[in-house]
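Please see the structure below; I have some questions.
The values are calculated or read from the model by the stated rules, or taken from the named source; none is laboratory data. Since we're looking at a predicted model, the values are computed, not measured. Cβ atoms come from the backbone with ideal geometry, glycine included; neighbour counts cover every protein chain shown. Note: accessible area is taken over every heavy atom of the protein model, side chains too, but ligands, DNA and RNA are not part of it. Shrake-Rupley method; radii C 1.70, N 1.55, O 1.52, S 1.80 Å.
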Amino acid sequence: MGAITVRPDIYEKHRSLFGEKTVNGRPVSVEDLIEQLTRDTRDEFRTLLSARHAFQDQVGRRERSYGFLAPDTKIADADGHTTTVRDIRQGMLDGFFHRKTPHAWRLNPSVPIPADTMKPGLEGTGPAIDIGMAMGALNTGAASWMWDWEDAGGDYRDQLYQAWENLRDLLAHAWNGKAYTHPTKRDGGKPRQYTIDLPPEQWPTIFHRVPGLHLHNRQIALDGEQVPAIIPALLFHAISNYDTQKKNGSGVYYYIPKIETWQEARLVASLLKRVEEALGLPRGSLKVKMLNE
């Protein structure tokens, strides 16, 4: 695994998430990509998080306050393009009120637009740690489901890795037509069983809620230092599910939480760009949803 180390019990139990994979017809190494993305961005992580903490301290002392950027503020993206806050807001309004294609889908519009992006619908959220609970999510009839890798599971045990495997198997339709018998839950004295009752075309669009930039993965380290939790989270979803989602007429969609500045948003975009380049994907193949607060 080179300079990357994974806690031994996690690696042994969830070996299927690691190692050599083929995505989009291209061979890749999960550990090598975690190392590469971490080395490429760790200085920027440190700079931006230090700036975040300094700003929060100033807010706590009432020296500064949160607010909106001025409309003429210039913003630079991960591809080196610049625009203004005014143009970004106008694009968002056009997408919402006039049903124009959102900016994110103008970059590689071949990726299917989730139904709730253009026509809001019920969005559910929860963990995929328990396969029965995950099956229940697919049966809800919701427009989208945000499976949570930040708030809905502890990161010391192997819960998050089990959830990544569950999501991979569900999106690959490995559980279609099969019942899952829960090892501990009972229904009238009998083991409780779960099934997927809706056809795939009626499933919610799946969004993967990755950890915020401020969190570390406590099981994966580079040079003895914990890696940013968002990096393996982005990679596990893309590597495990890109091919099956494309085959199923969907895409790899993320929800990015707790972004506080446009520079932090650009860091996320930079990570996504690097993942696309590593997997040989056209720019804009990986999509995100973010909350504009």
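Can you tell me which of (1) touching a residue at least 40 places away in the same chain (Cβ under 8 Å); (2) in a strand (DSSP E or B); (3) open to solvent by 10 Å² or more (accessible area, probe 1.4 Å) is the one Q226 doesn't meet?
(1)
Restricting the search to region 177-198, which residues are aliphatic (A, V, I, L, M) and free of Cβ contacts under 8 Å to residues at least 60 places away in the same chain?
A179
Of the conditions (1) open to solvent by 70 Å² or more (accessible area, probe 1.4 Å); (2) among the basic types (K, R); (3) touching a strand residue (DSSP E or B) at 6+ places or on another chain (Cβ under 6 Å); (4) within 24 Å of W164 (Cα to Cα), K74 clears all except one; give me its number.
Among (1) open to solvent by 70 Å² or more (accessible area, probe 1.4 Å); (2) among the basic types (K, R); (3) touching a strand residue (DSSP E or B) at 6+ places or on another chain (Cβ under 6 Å); (4) within 24 Å of W164 (Cα to Cα), the lone unmet condition for K74 is (4).
On the basis of being β-branched (V, I, T), in a helix (DSSP H, G or I) and either more than 18 Å from L291 (Cα to Cα) or modelled with pLDDT under 85 (or both), does V111 make the cut?
no
Quick check: anything in region 199-214 surrounded by fewer than 18 Cβ atoms within 10 Å (Cβ to Cβ), part of a helix (DSSP H, G or I), touching a residue at least 60 places away in the same chain (Cβ under 8 Å) and not basic (K, R)?
Yes.
I'd like the residue in region 6-28 that is of a type in the set (K, R) and open to solvent by less than 60 Å² (accessible area, probe 1.4 Å) and, out of all such residues, is nearest to P228 (Cα to Cα).
Filtering first and then ranking leaves R7.
Check whether at least one residue in region 269-280 is touching a Lys or Arg at 6+ places or on another chain (Cβ under 8 Å), more than 24 Å from P109 (Cβ to Cβ) and crowded, with 17+ Cβ neighbours inside 10 Å, and report yes or no.
no
Keeping to region 240-254, report how many residues are touching a residue at least 24 places away in the same chain (Cβ under 8 Å) and either among the acidic types (D, E) or in a helix (DSSP H, G or I) (or both).
Counting residues in region 240-254 that are touching a residue at least 24 places away in the same chain (Cβ under 8 Å) and either among the acidic types (D, E) or in a helix (DSSP H, G or I) (or both) gives 6.
Give just the number: which of (1) assigned to a strand (DSSP E or B); (2) without any contact (Cβ under 8 Å) to a residue 12 or more places away in the chain does V59 not satisfy?
Among (1) assigned to a strand (DSSP E or B); (2) without any contact (Cβ under 8 Å) to a residue 12 or more places away in the chain, V59 violates only (1).
For region 242-268, name all the residues that are open to solvent by 20 Å² or more (accessible area, probe 1.4 Å) and of a type in the set (D, E).
Listed by number, the residues that qualify are D243, E260.
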